[in-house]
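Please read the structure below before turning to the comments.
The values are calculated or read from the model by the stated rules, or taken from the named source; none is laboratory data. Quick caveat: nothing in here was measured; it's all calculated off a predicted structure. Methodologically, a virtual Cβ is constructed for each residue, glycine included, from the backbone with ideal geometry; neighbour enumeration extends over all protein chains shown. Note: areas computed on protein heavy atoms with side chains; ligands, DNA, RNA excluded. Shrake-Rupley method; radii C 1.70, N 1.55, O 1.52, S 1.80 Å.
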Amino acid sequence: MIDYIAQALGLPLLNPIKDTKANFEHGANFAVAGATTLSSAVLARHHVRNPATNSSLDVQLQWMNDHFHKFCHNDCERKLQKALFMVGEIGGNDYNYAFLQYFDEARDTLRIQELVPLVVAKIKHAVEKVISFGARTIVVPGNFPMGCLPIYLTKFGLESEVDEFDENHCIWLLNSFATFHNNHLKKAIAELQDKYPYVTIVYGDYYAAYEQLLKLGETKGFELHKACCGVGGQYNFNETRMCGFPGVKACRDPERYVSWDGIHLTQEAYRMIVDWLQADLFWKLRCHH
């Protein structure tokens, strides 16, 4: 999505921060695939394991700190005054790993809800950190409606405890959890805005953007809940034979699918989401483009 946001602003695509030969004059991407907000140690205390990486949000912030130390030469305030900072979306993987590793019954949502204040506090800390670097325009995105993703629909959609679907044929319980996180995050953003009135801090409503994508996709005849790249089952998803595994093929028309691999969206879906976000965000950010 950040690529489409850059294009919408007339900027080059962002280079990953670990590409030592890249040009970072127009921005940098500090994201890590599979990263969590909370450290592996904190997650372990809640019986959650990150199978993908140890580069949590703190690690990314340290990379940012090191980058600006070299990039700004003690002039970050001036150099960053017109920069746009996207702080997230992050937090989804903390919950994904928790739900996918030990979610058995509906009551387990209460245990996983205990992570939410910790995750939101860490995101809040990250926002304050980027403000200290010199950020003056910040978007803090919320989470997608996770109950709409094929990975969750496949795993929990047929189980008696969580088989209540909403009007979008998404798992209501999981979407309620995403809303719970988003409400906590919006409250934290309001507190930050009060504390830093000279900074523009805007909530990125990925949840509403995804819902709009489903409505628009339905009118265009999209596959709303089936993965383009996958195999088997009602949602074309099997966690033992995922996209990229030998013999697992992609659909011929990914531009007509919302989900790429059951977890991530297709390029067309991300483009449509950014179209919605542009209309929603740019006026709030006072962007003149």
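The single residue among N29, N50, N23, N54 that is in contact with a strand residue (DSSP E or B) (Cβ under 6 Å, 6 or more places away or on another chain) and either closer than 30 Å to E114 by Cα or loosely packed, with under 12 Cβ neighbours inside 10 Å (or both) turns out to be N29. The residue list G217, G230 contains one member that is open to solvent by less than 30 Å² (accessible area, probe 1.4 Å), small (G, A, S) and over 22 Å from I2 (Cβ atoms), which is G230.
Identify all residues within the stretch 144-178 that are part of a helix (DSSP H, G or I) and either in contact with a Leu (Cβ under 8 Å, 6 or more places away or on another chain) or open to solvent by 50 Å² or more (accessible area, probe 1.4 Å) (or both); write none if there are none. If the condition is that a residue be part of a helix (DSSP H, G or I) and either in contact with a Leu (Cβ under 8 Å, 6 or more places away or on another chain) or open to solvent by 50 Å² or more (accessible area, probe 1.4 Å) (or both), then M146, G147, C148, I151, Y152, T154, K155, F156, S160, E161, V162, W172 are the ones that fit. Filter the stretch 254-281 down to residues that are part of a loop (DSSP other than H, G, I, E, B) and touching a residue at least 12 places away in the same chain (Cβ under 8 Å) and give me whichever is most open to solvent (accessible area, probe 1.4 Å). Of everything passing the filter in the stretch 254-281, W260 is most open to solvent (accessible area, probe 1.4 Å).
Output the number of residues of the stretch 190-223 satisfying the condition of being out of contact with any Leu (no Cβ under 9 Å at 6 or more places or on another chain), under 17 Å from V139 (Cβ atoms) and of a type in the set (D, E, K, R). Total satisfying the criteria: 1.
Taken over the stretch 234-252, the residue count meeting the criterion of being part of a loop (DSSP other than H, G, I, E, B), surrounded by 12 or more Cβ atoms within 10 Å (Cβ to Cβ) and touching a strand residue (DSSP E or B) at 6+ places or on another chain (Cβ under 9 Å) is 8.
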